[in-house]
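The values are calculated or read from the model by the stated rules, or taken from the named source; none is laboratory data. It should be emphasised that the depicted structure is a prediction, and the values quoted were computed from it without experimental measurement. Positions of Cβ are generated from backbone atoms using ideal geometry, with glycine treated the same way; all protein chains shown enter the neighbour counts. In case anyone asks, the SASA skips ligands and DNA or RNA and just uses the protein heavy atoms, side chains included. Shrake-Rupley method; radii C 1.70, N 1.55, O 1.52, S 1.80 Å.
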Amino acid sequence: MLAGTYLIYATFMVFAHPRFIYPFGADRFDDPAFRQETVSSRDVSVAVYDGDTDEAVLFFMGNGGALAYFTYTLNAHVAADRTLVAAQYPGGGGIPGKPSEIGLKADALAVYDWLASWHDGPIVVHGYSMGTGLAQYVAAERDVEAIILDAPFVKMCELMTRASWLPACWLPGVQRWDSAALVAELSAPVLIQHGQSDQMIPIRAAERLKDLLERADLSVTFHAVDGGTHNNLAGMPGYRDRIDTFLVEALK
């Protein structure tokens, strides 16, 4: 009886899990400092801030799914007057469509290629939470000069296992988001910032990722942020300064 109930639960979760990993909010991003563009190859919506530095930052938000929730992170780059392209996800922020790992990764490459078609300087990828999977995927598939990861995971399916008591990484049809599989393809220096009080993605996940990156001979700068949680990391003291310091060194 218990085994049958567990099997029914597992089957349900295989089909329902996208609802839990993409709980995107509907709030639209409306900042007059940004212009809205559509990347024609896949109709990806992006918000663009035209800065005055050589580098451009390609930003991938977390699974809040609406840029309106990531203004602290966006402002860290706007304050430095960097060109910033922030990808918007289908299904969130008033953007039509349905998200999936395959679709979001294809969108991420399309946005990179669009940015590279008109920006001649170095490109930096920056991801927050779920967006760290996209940032690393782009860095594995394209040339980037630096990688910034806020609250990263090793495998999202491990977080699903922790939350659901199911072997999510082994269930067919589950979107795994396996960042560990990308490490061997990365070459750029990496900045990791993670809150010590993060309950959604415990800091030990970032520490494991750091170890994997360093074993691959990558340069990793790691900051465990005292008092930082999953949602307040970008608002913690020193967040912007750590990014600025890292990029000065990575891009020189």
- Message: Looking at Gly121, Gly131 in this structure, which one is among the small types (Gly, Ala, Ser) and surrounded by 24 or more Cβ atoms within 10 Å (Cβ to Cβ)?
- Response: Gly131
- Query: Here are some residues: Asp217, Asp244. Which one is open to solvent by 60 Å² or more (accessible area, probe 1.4 Å) and either farther than 27 Å from Glu101 by Cα or in contact with a Lys or Arg (Cβ under 6 Å, 6 or more places away or on another chain) (or both)?
  - Reply: Asp217
- Query: more than 20 Å from Arg215 (Cα to Cα), in a loop (DSSP other than H, G, I, E, B), at pLDDT below 95 and of a type in the set (Val, Ile, Thr) - does that describe any residue in the stretch 151-173?
  - Reply: no
- Answer from Ser197, Ser187 - the residue that is part of a loop (DSSP other than H, G, I, E, B) and either touching a Gly at 6+ places or on another chain (Cβ under 8 Å) or farther than 30 Å from Thr83 by Cα (or both): Ser197
- Task: Sort out which residues of the stretch 152-184 are in contact (Cβ under 8 Å) with a residue 12 or more places away in the chain and aromatic (Phe, Trp, Tyr), and write them in order of number.
- Result: Phe153, Trp177
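Residue-wise test of (1) without any contact (Cβ under 8 Å) to a residue 60 or more places away in the chain; (2) assigned to a strand (DSSP E or B); (3) open to solvent by 80 Å² or more (accessible area, probe 1.4 Å).
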{"residue": "Thr5", "(1), (2), (3)": "yes, no, no"}
{"residue": "Val14", "(1), (2), (3)": "no, no, no"}
{"residue": "His17", "(1), (2), (3)": "no, no, no"}
{"residue": "Gly25", "(1), (2), (3)": "no, no, no"}
{"residue": "Pro32", "(1), (2), (3)": "yes, no, yes"}
{"residue": "Phe59", "(1), (2), (3)": "no, yes, no"}
{"residue": "Gly62", "(1), (2), (3)": "no, no, no"}
{"residue": "Leu74", "(1), (2), (3)": "yes, no, no"}
- Task: Hey, could you check the stretch 76-118 for residues that are among the basic types (Lys, Arg) and assigned to a loop (DSSP other than H, G, I, E, B) and say which is least open to solvent (accessible area, probe 1.4 Å)?
- Result: Arg82
- Message: Looking at Val144, Val174, Val138, can you tell me which residue is touching a strand residue (DSSP E or B) at 6+ places or on another chain (Cβ under 6 Å), among the aliphatic types (A, V, I, L, M) and open to solvent by 10 Å² or more (accessible area, probe 1.4 Å)?
- Response: Val144
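Conditions tested, residue by residue: (1) closer than 27 Å to Gly65 by Cβ; (2) without any contact (Cβ under 8 Å) to a residue 12 or more places away in the chain.
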| residue | (1), (2) |
| --- | --- |
| Pro189 | no, no |
| Gly195 | yes, no |
| Ile203 | yes, no |
| Asp211 | no, yes |
| Thr229 | yes, no |
- Query: Which residue pairs have Cβ atoms closer than 8 Å, lie 6 or more positions apart in sequence or on different chains, and pair a first residue in the stretch 126-148 that is closer than 16 Å to Gln88 by Cβ with a second residue that is part of a helix (DSSP H, G or I) and open to solvent by 10 Å² or more (accessible area, probe 1.4 Å)?
  - Reply: Tyr128/Ala234; Met130/Ile21; Met130/Met156; Leu134/Lys105; Val138/Leu109; Val138/Tyr112
- Task: Collect the residues in the stretch 107-126 that are farther than 20 Å from Asp244 by Cα and in contact with a helix residue (DSSP H, G or I) (Cβ under 7 Å, 6 or more places away or on another chain), keeping them in residue-number order.
- Result: Ala108, Leu109, Tyr112
